[in-house]
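Beneath this line is the structure, given in structure tokens, with notes to follow.
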Amino acid sequence: MDLLEYKIKLLHTIVTGMEGYNHSFFSFVIDHNITEEQTGIIMKALTLLKDRLTDGKVSEEIGEVMEGNSKHLKMLDKAALPSFTDFKEFSQALLGDEINPEYLLKSIYMQNIHKELCEYLLKDLKK
């Protein structure tokens, strides 16, 4: 197991050192041992939060997609604009307190995933 982890660390170092590397979120996932399931939940959460940013609530269509999913997503199903606090509480419930939600959000932003939402949430953090 140690050898496998070491090889993954080496491959990650090689890939991230390549010119034009733009996968900050994936690097964050690797560095913090976030599982595939947790990554999927984060991506769905971003979609849900983006819907709230756009409409001030979760649309029926998005709500149906989220139905039956993680209890963590249910935390975000509110009729209000999203806040950094929403994202922080969600990420800590899903990933634990050892993950810094601001750095997680910045890694998502730097990989150009839901960039407008990330900017909004990061501005909300600074309030």
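The values are calculated or read from the model by the stated rules, or taken from the named source; none is laboratory data. Remember, predicted model here, so these are calculated numbers, not experimental data. A quick note on method: Cβ atoms are made from the backbone with ideal geometry, for glycine too, and the neighbour counts reach across all protein chains shown.
Annotations
- Helices (runs of 4 or more DSSP H) within the stretch 1-106 that include 2 or more residues of a type in the set (D, E, K, R) and surrounded by 15 or more Cβ atoms within 10 Å (Cβ to Cβ): 36-55, 84-95
- Residue within the stretch 46-61 that is over 19 Å from K123 (Cβ atoms), β-branched (V, I, T) and in contact (Cβ under 8 Å) with a residue 60 or more places away in the chain present: yes
- Close pairs (6 angstrom Cβ cut-off, 6 or more residues apart or separate chains): modelled with pLDDT of 85 or more in the stretch 9-32, assigned to a helix (DSSP H, G or I) and of a type outside the set (A, V, I, L, M, F, W, C) anywhere: S24/S107; F25/S107; S27/T16; F28/S107; V29/T39; I30/H12
- Cβ separations smaller than 9 Å between residues 6+ apart or across chains give the following pairs from the stretch 91-112 residues that are at positive phi to residues that are at pLDDT below 95: N112/N22.
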